[in-house]
Amino acid sequence: ITGVIDWGDMTCGDPAIDLACLWTLLPNEAARERAQRTYGATSTALWARARGWAVVFGVMLLDTGLAGNARNAVMGEQVLRQI
């Protein structure tokens, strides 16, 4: 192997990735709405991408959880239920 390509940073700079944490960290819809208002004016497309990234993160957590990491399974399920 002479090199490794890390495709994980392909979306570097897209605030939607950071905003996905609203579904992974905040406890309820009211908290997410408050965070969205605080974040400020954005587009519907940004929030759709953020929600999509939250789905990806939730599925990845659930997948690794089902492969033997029970804590990740719980977190993944919670994320997907929030969405």
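The values are calculated or read from the model by the stated rules, or taken from the named source; none is laboratory data. Bear in mind the structure is a predicted one, so any value in this text is a computation, not a measurement. Every residue, glycine among them, receives a Cβ derived from its backbone with ideal geometry; neighbour counts consider all protein chains shown. The accessibility values were calculated without ligands, DNA or RNA, using every heavy atom of the protein model including side chains. Shrake-Rupley method; radii C 1.70, N 1.55, O 1.52, S 1.80 Å.
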Taking the dipole about the Cα centre of the chain, with the C-beta of Lys and Arg at +1 and of Asp and Glu at -1, give me whichever of Pro15, Ala70, Thr38 is farthest to the positive side.
Thr38
With Cα springs under 10 Å, the Gaussian network model of the chain assigns the largest mean-square fluctuation among Ala70, Ala54, Ala41 to Ala41
Which residue fluctuates most in the GNM of the chain (Cα springs below 10 Å): Thr44, Thr24, Thr64?
Thr44
In Å², and per residue, what accessible area does the chain have when probed at 1.4 Å with the other protein chains present?
71
Under a 1.4 Å probe, counting only protein heavy atoms, Val55 has an accessible area in Å², nearest 10, of 60
Helix-derived mean residue ellipticity, 222 nm - over the chain, DSSP H n ≥ 4, -39500 (n - 2.57), to 500:
-21000 deg cm²/dmol
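Ranked from the most accessible area to the least, with a 1.4 Å probe and all protein chains present, what is the order of Leu46, Leu25? Could the numbers behind the result be given before it?
On the way: Leu46 15, Leu25 130 Å².
From most exposed to least exposed: Leu25, Leu46.
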